[in-house]
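A.B. asks: First, the structure itself, so that you have it in front of you.
Please treat every number below as a calculation from the coordinates, not as lab data. This structure is a prediction, so every number in the text was calculated from the model and none was measured. Because the Cβ atoms are built from the backbone with ideal geometry, glycine has one as well, and the counts that use them run over all protein chains shown.
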Amino acid sequence: MASFGFGSLTRLLALASVGIVAIGSGPAGAADAMEKTTLALPTITLGFLTQDIASDKGFWKDQGLDVSVRIIQGIGATNAVISSSVDFALTSGASITRATARGLKLVALATLLNQTDEYVVVRKEIADKAHFDPNASLKERAQMLQGLTIAVGGTAALPDTVLKAIQKEVGIPRDAIQTSPMLPGEFVAAFSRKAIDGFVAGPPTPQQAVVDGTGVLVTDSAKGEPTQYSPISASLLLNRADFCAGHRSICEKMVHGFVMAAQYVHDHPAETLAVIKAHYGANNSDKTLEASYEAIKSMTPLPPVTLPKMLENSDLMNVAAGFLKQEEMLPRYDDIINNEFVK
């Protein structure tokens, strides 16, 4: 997959809002002899590092699988699987449990991150004015979010869900924080010119704000915050519940590529960092990317199985965020998990 800076990312996602953008596939000649499949990502983020590694290191190609990776913004990635526009998506546990509660049949195949991978960041001068104590409890730290304008990746997407769940946990009224849905490149620029007070995002953007001294972490996903929803399923590989029955070989190869990539993250730090720099180095310092790698590695489970508790916590977060009613929580979660290809 090619390397994209924030400017390129903004243009890609703008295109994705009216269609599907393909950002990677095997060579045309070789692909003709391969099994072909499609994978949707809701954005370009370091939280999907295992996809970058599987693509860059040829883990799918070596198995005879040609994976076309497409950007479909926010919950559109899950909707694309539901509509059969793509075969697989990397999304969140919150997406699959909401879909299941509404009668849509999806299955979780692998969890590549066992924390939300979403950090709440505010501008440093706001934190200084509020006498922010990074060692205080989350409830104390998050109080300063009241009255602020916080950018999220999209309404009801994981960043928005995390923020609203935190509001519920610490007792901040829903309308006491103004959320502003933005593309990542847009909120980075807005944060720089102080048009927003903070944002919710995954690496490397939060680490960049900390390294350059412009922002502070209100919550730290690498520590499992908010901890009452930890562990949780993020960077979740899912597809339609009936897909693997008819395409077993594709599912085996797709999941195996991710399993190899997760192991690679832990076993090859220098090589993994080189992949990260190839994709994100144009807009981030080495120090930012090194901090981001350590965060992602700490959240990458081995093996990348999906546990029922991860999806239950996703449901609980949905309820806290107001995107799911308590009575809509699933009675059990084993039925929407298939770990057979991970083992």
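A.B. asks: Taking the Cα centre of region 119-228 as the origin, how large is its charge dipole in debye, to the nearest 20, when only Lys and Arg (+1) and Asp and Glu (-1) carry charge on their Cβ atoms?
C.D. replies: 100 debye
A.B. asks: Output the relative contact order of the chain, whole-number percent, from Cα pairs under 8 angstrom with separation of 6+ residues.
C.D. replies: Relative contact order here is 27 percent.
A.B. asks: Which links in LYS309/LYS343; LYS129/LYS325; LYS124/LYS164; LYS223/LYS253; LYS105/LYS325 stretch past 29 Å when you go from one Cα to the other?
C.D. replies: The answer is LYS129/LYS325; LYS223/LYS253.
A.B. asks: How would you classify region 119-228 from its alpha-carbon gyration tensor, with a ≥ b ≥ c the square roots of the eigenvalues: rounded for a/c under 1.5, else prolate if a/b is greater than b/c, otherwise oblate?
C.D. replies: Verdict is rounded for region 119-228.
A.B. asks: Along the charge dipole of region 119-228, Cβ charges K/R +1 and D/E -1, which of GLN207, ALA157, THR227 sits furthest on the positive end?
C.D. replies: The residue sitting most towards the positive pole is ALA157.
A.B. asks: What is the gain in length, in nm to one decimal, between GLU140 and HIS268 on full extension, counting 0.36 nm per residue of separation less the C-alpha to C-alpha distance? Let's see the in-between values first.
C.D. replies: On the way: separation 128, 0.36 × 128 = 46.08 nm, distance 3.82 nm.
Length gained between GLU140 and HIS268: 42.3 nm.
A.B. asks: Between THR227 and SER249, what FRET efficiency comes out of the Förster formula 1/(1 + (r/R0)^6) with R0 = 45 Å and r the beta carbon distance, rounded to 0.05?
C.D. replies: Working: r = 40 Å, r/R0 = 0.88.
Efficiency for this residue pair is about 0.70.
A.B. asks: Before anything else, pin down the relative contact order of region 165-324: Cα pairs under 8 Å, at least 6 apart, normalised by residue count, whole percent.
C.D. replies: 34 percent
A.B. asks: Counting helices only, and only those DSSP H runs with n ≥ 4, report the 222 nm mean residue ellipticity of the chain as the sum of -39,500 (n - 2.57) divided by its residues, in deg cm²/dmol to the nearest 500.
C.D. replies: Theoretical 222 nm ellipticity from helices: -12000 deg cm²/dmol.
A.B. asks: Over all directions, average the projected area of the Cα convex hull of the chain and note it in nm².
C.D. replies: Over every viewing direction, the Cα hull of the chain projects on average to 15.9 nm².
A.B. asks: Ranked from highest to lowest mean number of other Cβ atoms within 10 Å per residue, what is the order of the peptides 45-51, 132-138?
C.D. replies: Values: 45-51: 25.9, 132-138: 12.1.
Sorting 45-51, 132-138 by mean packing, highest first, produces 45-51, 132-138.
A.B. asks: Please find the FRET efficiency linking GLU125 to ALA189, where r is the Cβ-Cβ separation and R0 is fixed at 22 Å, and quote it to the nearest 0.05.
C.D. replies: So the FRET efficiency works out to roughly 0.80.
A.B. asks: What is the calculated FRET efficiency for LYS287 to ALA176, with r their C-beta to C-beta distance and R₀ = 30 Å, to the nearest 0.05?
C.D. replies: Working from the Cβ atoms, E equals 0.30.
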